[in-house]
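Report on the structure given below.
The values are calculated or read from the model by the stated rules, or taken from the named source; none is laboratory data. The structure presented is a predicted model; accordingly, all values stated were derived computationally and were not measured. Don't worry about glycine lacking a Cβ; one is built from the backbone with ideal geometry, like all the others, and counts go over all protein chains shown.
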């Protein structure tokens, strides 16, 4: 039997003003991947990694983030947004309702303000972290 490697949501992209990091990267993978911006790797290594394990994913760091954590201040300074999928009820033309996932960007502050129960009830799935390149220079 072969081991299947899960590579979805492990990516790094950038445009003129922002960078996007897939949420399935572990913190160690982020620090070792040379395709990721050096400044972001340095912020992860110096500010985020001391508070978490090497094997924690960016998704778990964001999901369990608390308002009084230093890491929250780092993400806030970075002007970070998080792309999430949330269950919403969609009503069809003939009155039938179904639950579907809607993808949208929310601020880290909004994510942190949600309790763990609210996140579970909403079926919250974290997909990526979006940060500003200019704001990254201030961290």
Practice task
Would you mind stating whether residue 106 is modelled with pLDDT of 90 or more, under 22 Å from residue 12 (Cβ atoms), within 15 Å of the chain's Cα centre (by Cα) and surrounded by fewer than 18 Cβ atoms within 10 Å (Cβ to Cβ)?
Solution key: yes
Exercise for the section: Give the residues of segment 58-103 that are at pLDDT below 90 and part of a loop (DSSP other than H, G, I, E, B), sorted by residue number. Expected result: 92, 93, 94, 95, 96
Problem - Out of 74, 82, sole residue that is in contact (Cβ under 8 Å) with a residue 40 or more places away in the chain, within 16 Å of the chain's Cα centre (by Cα) and more than 20 Å from residue 50 (Cα to Cα) - result: 82
Practice task
Go through segment 104-115 and count every residue that is farther than 23 Å from residue 133 by Cβ and in a helix (DSSP H, G or I).
Solution key: 1
Problem - Top-ranked residue in segment 20-43 [being in contact with a helix residue (DSSP H, G or I) (Cβ under 7 Å, 6 or more places away or on another chain) and farther than 16 Å from residue 10 by Cα; ranked as surrounded by the most Cβ atoms within 10 Å (Cβ to Cβ)] - result: 43
Practice task
Assess whether residue 27 counts as being in contact with a strand residue (DSSP E or B) (Cβ under 9 Å, 6 or more places away or on another chain) and in contact (Cβ under 8 Å) with a residue 60 or more places away in the chain.
Solution key: no
Exercise for the section: Would you mind stating whether residue 35 is under 20 Å from residue 132 (Cβ atoms), touching a strand residue (DSSP E or B) at 6+ places or on another chain (Cβ under 8 Å) and without any contact (Cβ under 8 Å) to a residue 24 or more places away in the chain? Expected result: yes
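Residue-by-condition table, conditions (1) over 18 Å from residue 74 (Cβ atoms); (2) at pLDDT 95 or above; (3) assigned to a helix (DSSP H, G or I):
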{"site": "2", "(1), (2), (3)": "yes, no, no"}
{"site": "5", "(1), (2), (3)": "yes, no, no"}
{"site": "8", "(1), (2), (3)": "yes, no, no"}
{"site": "20", "(1), (2), (3)": "no, yes, no"}
{"site": "36", "(1), (2), (3)": "no, no, no"}
{"site": "49", "(1), (2), (3)": "no, no, yes"}
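Can you pull out every residue in segment 52-64 that is surrounded by fewer than 16 Cβ atoms within 10 Å (Cβ to Cβ) and closer than 19 Å to residue 109 by Cα? Before you say what the answer is, go through the steps one by one.
First, the residues of segment 52-64 that are surrounded by fewer than 16 Cβ atoms within 10 Å (Cβ to Cβ): 53-55, 64.
Once the filter is applied, which keeps residues that are surrounded by fewer than 16 Cβ atoms within 10 Å (Cβ to Cβ) and closer than 19 Å to residue 109 by Cα, segment 52-64 yields only 64.
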